[in-house]
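The values are calculated or read from the model by the stated rules, or taken from the named source; none is laboratory data. Predicted model only: the values in this text are computed from it and were never measured. For neighbour counting, all protein chains shown are included, and Cβ atoms are generated from backbone atoms with ideal geometry for every residue, glycine included. All accessible areas refer to the heavy atoms of the entire protein, side chains included, with ligands and DNA or RNA removed. Shrake-Rupley method; radii C 1.70, N 1.55, O 1.52, S 1.80 Å.
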Amino acid sequence: MSYVDEVIERVVKENPSEPEFHQAVKEVLESLRVVVEANEEAYRRDALLERLVNPERQIKFRVPWIDDKGQVHVNTGYRVQFNSAIGPYKGGLRLHPSVNLGIIKFLGFEQIFKNSLTGLSIGGGKGGSDFDPKGKSDREIMAFCQSFMTELCKYIGADTDVPAGDIGTGAREIGYMYGQYKRIRNLFEGVLTGKAISYGGSYARTEATGYGLLYITEEMLKCNGQSLQGKTVIVSGSGNVAIYAIEKAGQLGAKVVTASDSNGWVYDPEGIDVAALKEIKEVKRQRLTEYKKYRPNSEYHEGKGVWGVKADIALPCATQNELNLEDAKKLVANGVIAVAEGANMPTTADATEYLQEKGVYFIPGKAANAGGVATSALEMSQNSERLSWTFEQVDAKLKEIMVNLFHNIDAAAKKYGFDGNYVVGANIAGFEKVADAMTAQGIV
Ligand code: NDP
């Protein structure tokens, strides 16, 4: 049995009930097969792949908090410190009822390669809790965040592990967590990213993932003789990534006609009104059903349906496995030419394969949504030098990072004979740097 197959088999056996983690490991290792085979003897001797798929440390803890009626609740908190070969652990905190260890491990594993692809010195980690922020009062959110950080603060630090936002963790939650960290550790340091500007946040961090997604999509299209100008785009989600993807797509001349949340989706034939979306989601924290009040010509539909709308480009920006084979078939039938993942692993493995087979340009999340963590690393740099760069400076660096990233994954794919396969290209380009660093640092 090949080394790659052996390690995949071990991961499945040793991590039962973690299907998302298995999916992520399989997808990465399958596409690294050619590189691993070229170095098989040394990698086997050093157990490089076994070390890569085993987190350096995983922390699981109790998070008790009190609701507005005086009732105590207990959630589970996680932080998986996956790989620090190229820098301090870096990755978001997800607050969502679906969170479990397997989800955090899949995200942490993906994060290793994504962070490597940015070209910056950041290792891979991820964390979160099964706490559901929906419908909670501000005080309840603060109570949860303070309790969560009371435990987490023992394991993180500006040079050790720097968490950030993710699903359910936005500027408000980061603020409450930062306040509690500072209070307990008595340190004003860049321990979290996604902070507000007033206490060390970076301009353009809020926009970074969505903007970066469009910068890389535009560069990919350009290199394939196309452009975003005049294209119709379908987006899923209506959170941080989706909102700023929609905004930048509009600025680059495309028209986005959909957005969704976990209850339903909107179709706006005249193009999604970003100001209305921000008002509903960022200010009022309401559901998408409200959108029709701002745009009477739009349609609201319950359930899932974005991928059935005719378009040129699809940008899944909500959550994992939201675009399956059936959806992929609809995209192809409707003439979609490109799919770029704003979310982490939103496309199932069979759907990805189908899209690639049909010649759809496909940029995987670890490359396409790397703009968020790249800008988080820029926030860390600004915190270290105690300086603040302008929006334009950060945005220009973000664009440069995304353009370079595209060329790196394109070149890696070509080097190993997979021209145009950006999934393979991203995994190889991300892996090579981490593998070199792990080898150089000995058996740790
Ligand atoms: P938000 O919490 O801001 O938004 C998430 C959006 O996805 C919401 O519209 C939400 O709807 C929807 N959603 C969440 N879970 C589900 C579900 N199970 N089914 C259907 N819809 C769902 O998160 P972000 O925008 O920050 O993150 C979106 C994705 O992008 C995630 O995969 C995240 O890991 C990834 N990502 C985020 C980065 C960032 O900088 N924020 C960086 C890189 C990747 P509802 O409001 O109804 O829950």
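The figures follow:
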item: Inter-site label distance for Ile443 and Lys278 at 7 Å from Cα along Cβ, in nm; result: 5.5
item: Residue-by-residue Karplus 3J(HN,Hα) for region 196-209, coefficients 6.51, -1.76, 1.60, Hz, glycine and proline x; result: 6, 4, 5, 10, x, x, 9, 4, 6, 5, 4, 7, 4, 5
item: Charged-residue dipole, Cβ positions (Lys, Arg, Asp, Glu), region 189-278 about Cα centre, Debye nearest 20; result: 140
item: Hull-based mean projected area of region 242-303, where the convex hull spans the alpha carbons, in square nanometres; result: 3.8
item: Contour minus Cα-Cα distance for Glu270 and Ala47 (0.36 nm per residue); result: 74.8 nm
item: Cα Rg, Dmax, the chain, angstrom units; result: 20.8, 64
item: For the chain, accessible area per residue (1.4 Å probe, heavy atoms of protein chains only), Å²; result: 40
item: Projected area, mean over directions - region 1-113, Cα convex hull, nm²; result: 8.3
item: Signed unit charges on C-beta, dipole axis of region 157-251, positive-most listed residue Gly170, Gly212, Gln180; result: Gln180
item: Selected from His96, Gly128, Ala158, residue furthest toward positive end of dipole (region 51-202; charges at beta carbon); result: Ala158
item: Most to least accessible of Met1, Met142 (protein chains only, probe 1.4 Å); result: Met1, Met142
item: Calculated [θ] (222 nm, deg cm²/dmol) that DSSP helices of n ≥ 4 give over the chain, each run adding -39,500 (n - 2.57); result: -15000 deg cm²/dmol
item: Pairwise centroid distance, computed over Cα atoms, of region 262-290 with region 310-338, Å; result: 20
item: Using θ = phi - 60° and Karplus 6.51 cos²θ - 1.76 cosθ + 1.60, couplings along region 311-327 (whole Hz; Gly, Pro as x); result: 6, 9, 9, 10, 10, x, 10, 9, 7, 5, 6, 8, 10, 9, 4, 4, 5
item: Residue-level accessible surface for Met345, protein heavy atoms, 1.4 Å, Å²; result: 10
item: Dipole magnitude of region 94-211, debye to nearest 20 (Cβ charges: Lys/Arg +1, Asp/Glu -1, about Cα centre); result: 140
item: Within the chain: Cβ-based charge dipole about Cα centre, in debye rounded to nearest 20 (Lys, Arg +1; Asp, Glu -1); result: 1060
item: Residue-level accessible surface for Tyr361, protein heavy atoms, 1.4 Å, Å²; result: 60
item: Computed lengthening from Lys293 to Glu400, 0.36 nm per intervening residue step minus Cα-Cα distance; result: 34.6 nm
item: Highest to lowest packing among 194-202, 260-268, scored as the average C-beta count within 10 Å; result: 260-268, 194-202
item: Surface accessible to a 1.4 Å probe, Ser384 within the full protein complex, Å²; result: 100
item: Among the listed pairs Lys114/Lys231; Lys13/Lys310; Lys60/Lys114; Lys26/Lys329, those beyond 31 Å (Cα-Cα); result: Lys13/Lys310
item: Selection from Leu387, Ile272, Leu315 lying farthest towards where the dipole of region 269-393 points positive, charges on Cβ; result: Ile272
item: Gain in span if fully extended, Lys358 to His407, counting 0.36 nm per residue against the direct Cα distance; result: 15.4 nm
item: Fraction of antiparallel bridges per DSSP, the chain only, in percent to nearest 5; result: 55
item: With every protein chain in place, region 1-134: carbon and sulfur % of accessible area (1.4 Å); result: 48
item: Ellipsoid semi-axes in whole angstrom, largest first, where each is sqrt(5λ) of the Cα gyration tensor of region 350-399; result: 35, 11, 5
item: Estimated vicinal HN-Hα couplings, Hz - region 52-61 in sequence order (Karplus 6.51, -1.76, 1.60; Gly, Pro = x); result: 5, 8, 9, x, 4, 7, 10, 10, 10, 8
item: Cα centroid of region 381-444 to Cα centroid of region 133-199, whole Å; result: 27
